[in-house]
Amino acid sequence: MTSTPTDPEDRDDPGVTVVSFGSGSSGNAILVRTPVGALLVDCGVGIRTITAGLRAQGIGLRDLDAVLVTHEHGDHVRSLPQVLRAGVPIIATHGTQSAARIPAAASVRIVAGTTFHAAGLAVVPLTVSHDAAEPCGFLLERQGIGVLVVTDLGQADDGLVEPIRRSTLIVLEANHDEAMLRAGPYPAHLKRRVLSHRGHLSNADCGLTLAESLRGAPERRTVWLAHLSETNNRPELARRTVEQHLARVSSGAVVAPLPRRSSVRWCSTERPSPTAQLSMFAS
């Protein structure tokens, strides 16, 4: 876990590949790979899904430099026991280590706002508002390429503006349509939890957060909408809502909702386009 983005052996190849193995309450896991290593952000899908996804990328579980854990909820740590048995280092905040019962000897403790280096990436843990012990998001950077992963977020704050602007690929929660949630079948206490500042981000708030952050930003980038509710959202509704907000600031971002149970791949060497994104989700 000592490789840095400026190591001589990887200086000439800035390529970053990101693969989502699943997104939502059924499980979350995102592979971030460089020419010198690979990290998994969360391991909340089944271990067979993870190993099959890694195998499709030409690597195995033990090839991972580490697993970064955002927080201790089951849809983010489902396969943690198998990952630990494989000897893969776990990187998490102190609160997440304690709440997920991650052995200190098998993990590395991180602090929000303090950069560390792994797999040829500079990684910044970001404080997020969510009902977990010490949750975080991650900004992963390599030679001008940024990948932001924030999948559970009750409310956005100004601390996300710079990470969003620095990112080439933005993975941000668009959990629910507020009208669908309020009229839907969830019990009142669960609706209050989702709508709270420590719950989940709505489509509209996701769009507003992106629009406010990307106003005046000329660079073209890709946005993956994460953690969509199966009950209180629809992929096309989430995409349309976010795009409407982004259109007001002419950001030029390519927006695509992540599927719950299938893989999607992004590579920094490929130019983002609506056609390419649609073909990804057809598989």
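From the Cα gyration tensor of the stretch 65-114, with a ≥ b ≥ c the square roots of its eigenvalues, which class applies: rounded if a/c is under 1.5, or else prolate if a/b is larger than b/c, or else oblate? Note, shape of the stretch 65-114 comes out oblate. Taking the charge dipole of the chain about its Cα centre, with +1 at Lys and Arg Cβ atoms and -1 at Asp and Glu Cβ atoms, the residue from G44, Y186, L201 reaching farthest to the positive side is Y186.
Peptide packing: for 39-46, 113-120, 238-245, the average count of neighbouring Cβ atoms within 10 Å per residue gives the ranking 39-46, 238-245, 113-120, highest mean first. Taking a ≥ b ≥ c as the square roots of the Cα gyration tensor eigenvalues, the stretch 123-253 comes out oblate, since a/c reaches at least 1.5 and a/b does not exceed b/c. Measuring nothing but protein heavy atoms, the accessible surface of the chain at 1.4 Å probe radius is 51 percent carbon and sulfur. For the stretch 97-155, the square roots of the Cα gyration tensor eigenvalues, ordered a ≥ b ≥ c, give a/c of at least 1.5 with a/b no greater than b/c, which places it in the oblate category.
In nm, what is the difference between 0.36 nm times the number of residues separating A86 and E178 and their Cα-Cα distance?
Using 0.36 nm per residue and subtracting the Cα-Cα distance, I get 29.0 nm.
Per residue of the chain, the DSSP helices (runs of n ≥ 4 H) give a summed -39500 (n - 2.57) that works out to -7500 deg cm²/dmol at 222 nm.
Quick check: residue separation of L190 and T114 times 0.36 nm, minus the Cα distance between them. What number comes out in nm?
Gain on stretching L190 to T114: 24.0 nm.
The residues of the chain expose, per residue, 42 Å² of accessible area to a 1.4 Å probe.
The values are calculated or read from the model by the stated rules, or taken from the named source; none is laboratory data. Since the model is a prediction, treat every value here as computed from it, not as a measurement. Don't worry about glycine lacking a Cβ; one is built from the backbone with ideal geometry, like all the others, and counts go over all protein chains shown. Side chains included, ligands, DNA and RNA excluded: accessible areas come from the protein's heavy atoms. Shrake-Rupley method; radii C 1.70, N 1.55, O 1.52, S 1.80 Å.
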